[in-house]
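Read the structure below first, then the notes.
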Amino acid sequence: MDSRKGGGVPDETLTITDNRTGQDYTIPIVDGTIRATDLRQIGVEDGDGGLTSYDPAFLNTASCRSAITYIDGDAGILRYRGYPIEQLAEEASFLETAYLLLEGELPTTDQLEEFAETIRSHTYVHTNVQKFLEGFRYDAHPMGMLLGAVGALSTFYPDAKLISDAEGRKLQRERLLAKLPTIAAFVFRHSRGLPYVLPRNDLDYIANFVNMTFEIGGRHEPNAVLQRALEILLILHADHEQNCSASAVRGVGSSQVDPFSAVSAGIAALYGPLHGGANEAVLRMLDEIGDVSRVPAFIEEVKAGHGRLMGFGHRVYKSYDPRAKLIKRVADDVFAQTGLNPKLEIALELERIALEDDYFVSRKLYPNVDFYSGLIYQAMGYPTDYFTVLFAVGRLPGWLAQWEEMLADPEQKISRPRQVYIGEDERPYMPLAQRS
């Protein structure tokens with residue numbers, strides 16, 4: 001039985017009075033939300049379509065119900081399927097995390113071994129993919145190449161269009177998880193004019209990717225510390241709720257296109273500097289500052305409105321990004337192996353001053369995941385224009401989990417937002433000769 005307030009109205013409802021008509025409407029509240037379609041009943045006259053919510057950039061609109069990732073931005077909490085990101089980053093492998101995101105539970109030893117073996121069996125790509133990549137200019141941006149190559153995979157696997165087949169979808173997810181690191185490594189080699197290195201299935205997921213990227217003359221000396229650091233970074237990037245690229249995957253996937261095309265939409269969204277390119281911007285900022293002695297002056301310039309503090313603040317987190325705390329520890333491990341990057345001293349001083357300045361603290365501008373990740377990638381030997389490719393490799397399990405969940409949700413339909421029309425009213429066509 002519903003608990004009710006005076007007048008018999010259930011507690012879990014919202015009462016709206018339309019002052020245009022004086023009429024009251026009672027709308028259910030479920031999980032802290034109201035359905036936008038419930039506003040359609042609020043109208044002035046029959047046939048006017050009722051009210052529509054207006055929410056540019058979806059600042060306060062939930063587009064789906066999801067069981068994948070939980071974020072509490074005020075408390076600085078991030079969990080995959082209920083597991084704290086801190087525990088997964090410290091204890092789990094990337095494939096273990098991918099399995100969790102896709103299947104909903106952590107794998108047993110046997111399940112993880114079977115999953116890893118299945119991924120290994122799909123790491124090779126058709127030789128025509130290599131020819132496709134060779135068609136790009138030597139200076140093509142790595143993300144543009146990745147975007148094109150993943151989209152092209154849909155032509156190699158026409159069975160991927162059969163998205164109503166659950167086993168078929170599973171196969172495509174495994175193909176993508178296996179082949180994206182291979183393509184990403186080929187993109188890296190293309191940018192350097194180096195021959196492609198084929199997958200080595202005697203290596204694990206991360207070691208294989210690193211070997212395909214850096215092997216020279218058939219040799220590569222692996223560094224276990226750097227490989228684990230890379231794995232942690234990929235785990236931290238694996239999913240992040242309904243961000244721009246995940247929403248792109250869901251939106252394009254809602255047309256029931258194949259997953260290669262849907263994931264390529266996610267890559268395209270990640271390509272943008274406001275999404276995947278933020279860590280590049282941090283390095284450019286540190287280069288602009290140039291020396292630790294210039295940090296106080298730079299901070300004052302930002303406060304005066306003459307610059308931006310890149311790598312601080314987040315659309316969701318209003319406290320310290322939990323991923324940033326982990327990455328800072330990873331940075332210590334990496335620089336112990338590679339030697340200190342001169343930019344690190346600048347970054348540390350920038351963080352110290354900003355976290356003590358009420359201007360930034362009052363605005364809840366804390367370091368985010370991008371503040372240190374670029375420094376780490378650079379120390380590992382990756383160029384700045386390749387950082388977003390690494391982000392895509394890490395984010396793939398999340399995109400696939402979001403795509404699968406969207407298809408299985410009976411409430412989801414083809415994505416089709418409404419608009420508020422602000423153009424001209426009806427007007428007659430005027431022949432060209434009569435226009436002044």
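The values are calculated or read from the model by the stated rules, or taken from the named source; none is laboratory data. Every value quoted in this text rests on a predicted model; they were computed, and no experiment measured them. Positions of Cβ are backbone-derived with ideal geometry, glycine not excepted, and every protein chain shown enters the neighbour counts. The protein model used for the area step is the full one, side chains on, heavy atoms only, and it has no ligands, DNA or RNA in it. Shrake-Rupley method; radii C 1.70, N 1.55, O 1.52, S 1.80 Å.
When you check Leu153 against the structure, is it within 25 Å of the chain's Cα centre (by Cα), open to solvent by 40 Å² or more (accessible area, probe 1.4 Å), of a type in the set (A, V, I, L, M, F, W, C) and within 18 Å of Val393 (Cα to Cα), yes or no? Step through it out loud before you land on a result.
Working: within 25 Å of the chain's Cα centre (by Cα): yes; open to solvent by 40 Å² or more (accessible area, probe 1.4 Å): no; of a type in the set (A, V, I, L, M, F, W, C): yes; within 18 Å of Val393 (Cα to Cα): yes.
Against the criterion (within 25 Å of the chain's Cα centre (by Cα), open to solvent by 40 Å² or more (accessible area, probe 1.4 Å), of a type in the set (A, V, I, L, M, F, W, C) and within 18 Å of Val393 (Cα to Cα)), Leu153 does not qualify.
Looking at the stretch 313-336 only, could you name the residues that are closer than 16 Å to Tyr80 by Cβ and modelled with pLDDT of 80 or more?
Pro322, Arg323, Leu326, listed by residue number.
Here is a list of conditions, (1) among the basic types (Lys, Arg); (2) within 22 Å of Leu365 (Cβ to Cβ); (3) surrounded by 16 or more Cβ atoms within 10 Å (Cβ to Cβ), and Lys303 meets all of them except one; can you say which number that is?
(3)
Pairs needed: first member in the stretch 19-39, in contact (Cβ under 8 Å) with a residue 24 or more places away in the chain; second member anywhere, surrounded by 10 or more Cβ atoms within 10 Å (Cβ to Cβ) and hydroxyl-bearing (Ser, Thr, Tyr); C-beta distance under 7 Å; at least 6 residues apart or different chains.
Sorted first by the residue in the stretch 19-39, then by its partner, the pairs are Ala36/Ser53.
Looking at Lys343, Lys328, Lys364, which is the one that is within 20 Å of Val302 (Cβ to Cβ), open to solvent by 60 Å² or more (accessible area, probe 1.4 Å) and either free of Cβ contacts under 8 Å to residues at least 60 places away in the same chain or not in a loop (DSSP other than H, G, I, E, B) (or both)?
Details: Lys343 fails: open to solvent by 60 Å² or more (accessible area, probe 1.4 Å); Lys328 fails: within 20 Å of Val302 (Cβ to Cβ).
None of the other options fit; the residue is Lys364.
Please work out which residue is surrounded by the most Cβ atoms within 10 Å (Cβ to Cβ), limiting yourself to the stretch 367-388 and to residues that are in contact with a Leu (Cβ under 7 Å, 6 or more places away or on another chain) and not in a helix (DSSP H, G or I). Can you show your working first?
Initial filter on the stretch 367-388 (in contact with a Leu (Cβ under 7 Å, 6 or more places away or on another chain)): 369, 373-378, 380, 382, 384, 388.
From the residues that got through so far, the ones that are not in a helix (DSSP H, G or I) too are 369, 382.
Working: Val369: 24, Tyr382: 19.
Per the stated criteria, the residue is Val369.
From the list Gly148, Gly144, which residue is within 19 Å of Tyr377 (Cβ to Cβ), open to solvent by 10 Å² or more (accessible area, probe 1.4 Å) and either at pLDDT 95 or above or of a type in the set (Lys, Arg) (or both)? Step through it out loud before you land on a result.
Values: Gly148 fails: within 19 Å of Tyr377 (Cβ to Cβ).
Of Gly148, Gly144, the one residue that is within 19 Å of Tyr377 (Cβ to Cβ), open to solvent by 10 Å² or more (accessible area, probe 1.4 Å) and either at pLDDT 95 or above or of a type in the set (Lys, Arg) (or both) is Gly144.
Which condition number does Tyr138 fail, the rest of (1) more than 30 Å from Gly193 (Cα to Cα); (2) touching a residue at least 12 places away in the same chain (Cβ under 8 Å); (3) open to solvent by 80 Å² or more (accessible area, probe 1.4 Å); (4) part of a loop (DSSP other than H, G, I, E, B) being met?
All conditions pass for Tyr138, except number (1).
Scan the stretch 102-110 and tell me whether some residue there is open to solvent by 30 Å² or more (accessible area, probe 1.4 Å), under 30 Å from Tyr421 (Cα atoms) and out of contact with any strand residue (DSSP E or B) (no Cβ under 8 Å at 6 or more places or on another chain). Write out each step before concluding.
Just the residues of the stretch 102-110 that are open to solvent by 30 Å² or more (accessible area, probe 1.4 Å), to begin with: 103, 105-106, 108-110.
Subsequent filtering for residues that are under 30 Å from Tyr421 (Cα atoms) retains none.
No, there is no match, as no residue in the stretch 102-110 is open to solvent by 30 Å² or more (accessible area, probe 1.4 Å), under 30 Å from Tyr421 (Cα atoms) and out of contact with any strand residue (DSSP E or B) (no Cβ under 8 Å at 6 or more places or on another chain).
How many residues, within the stretch 70-82, are within 20 Å of Tyr366 (Cβ to Cβ) and open to solvent by less than 40 Å² (accessible area, probe 1.4 Å)?
Residues meeting the conditions: 4.
Checking the conditions here, which among Leu177, Leu162, Leu133 is open to solvent by 20 Å² or more (accessible area, probe 1.4 Å) and either without any contact (Cβ under 8 Å) to a residue 12 or more places away in the chain or at negative phi (or both)?
Numbers: Leu177 fails: open to solvent by 20 Å² or more (accessible area, probe 1.4 Å); Leu133 fails: open to solvent by 20 Å² or more (accessible area, probe 1.4 Å).
Result of the check over Leu177, Leu162, Leu133: Leu162.
State which residue pairs qualify: first residue under 15 Å from Ile289 (Cβ atoms) and free of Cβ contacts under 8 Å to residues at least 40 places away in the same chain and inside the stretch 303-315, second residue surrounded by 12 or more Cβ atoms within 10 Å (Cβ to Cβ) and among the charged types (D, E, K, R) in any location, beta carbons under 8 Å apart, and separation of 6 or more residues or different chains.
Hits for this filter: Gly307/Glu301.
Condition first: of a type in the set (Asp, Glu) and under 20 Å from the mean Cα position of the chain (by Cα). Now tell me which residues in the stretch 42-96 satisfy that. Break it down into steps so the answer makes sense when it comes.
Filtering the stretch 42-96 down to residues of a type in the set (Asp, Glu) leaves 45-46, 48, 55, 72, 74, 86, 90-91, 96.
Within the stretch 42-96, Asp72, Asp74, Glu86, Glu96 meet the criteria.
Could you check how many residues of the stretch 44-83 are in contact (Cβ under 8 Å) with a residue 24 or more places away in the chain and not hydroxyl-bearing (Ser, Thr, Tyr)?
Looking only at that region, the number is 15.
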